[in-house]
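K.L.:
Take this structure first; my questions come after.
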């Protein structure tokens, strides 16, 4: 949360596909959902997941686009006089691998969302149980207070034994 000129701006939580080490270093742990922290720690601990995150992060950047524009232009202009068969093969293989990384990312995102939803559900159920118990206790206390007040009012209204004799 940051304050600027009397207004409060709440920073959005980092999205789960942010590189785990970056997330753990830059984010305030108190501002993150516990499921986000657990997922980032799990991903940071696995070499395979760190590699997948790095490839996915690079493949989803504009540098990836610029690199391919440069490589394809160089390939077509200077490396091969008839680049289409080889270039088509290379681009097809790259598309296969990149689509695999996209599916890995989607599976990871789905698993993360399910983990977060499960944790949120457990917390909400716990809060609902606590609130229900507090409501019952408040009801019991209210009935007790009502009974005592009613008893006091009835005792004040009832004529005492000395008043009826006179």
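K.L.:
Among the residues that make up the range 130-153, is at least one of them closer than 24 Å to residue 38 by Cβ, at pLDDT 85 or above and part of a helix (DSSP H, G or I)?
P.N.:
Yes: one or more hits.
K.L.:
Of the residues that make up the range 61-72, is at least one at pLDDT 80 or above, surrounded by 12 or more Cβ atoms within 10 Å (Cβ to Cβ), in a helix (DSSP H, G or I) and under 15 Å from the mean Cα position of the chain (by Cα)?
P.N.:
Within the range 61-72 (the criterion being at pLDDT 80 or above, surrounded by 12 or more Cβ atoms within 10 Å (Cβ to Cβ), in a helix (DSSP H, G or I) and under 15 Å from the mean Cα position of the chain (by Cα)), the answer is no, since none of the residues qualifies.
K.L.:
Now for a separate question. What are the pairs with Cβ atoms under 7 angstrom where one residue, in the range 118-136, is touching a residue at least 12 places away in the same chain (Cβ under 8 Å) and the other, located anywhere, is in a helix (DSSP H, G or I) and surrounded by 10 or more Cβ atoms within 10 Å (Cβ to Cβ)? Sequence gap at least six, or different chains.
P.N.:
Within 7 Å, the pairs are 119/34; 119/35.
The values are calculated or read from the model by the stated rules, or taken from the named source; none is laboratory data. Being a predicted model, the structure only gives us computed values, none of them experimental. Because the Cβ atoms are built from the backbone with ideal geometry, glycine has one as well, and the counts that use them run over all protein chains shown.
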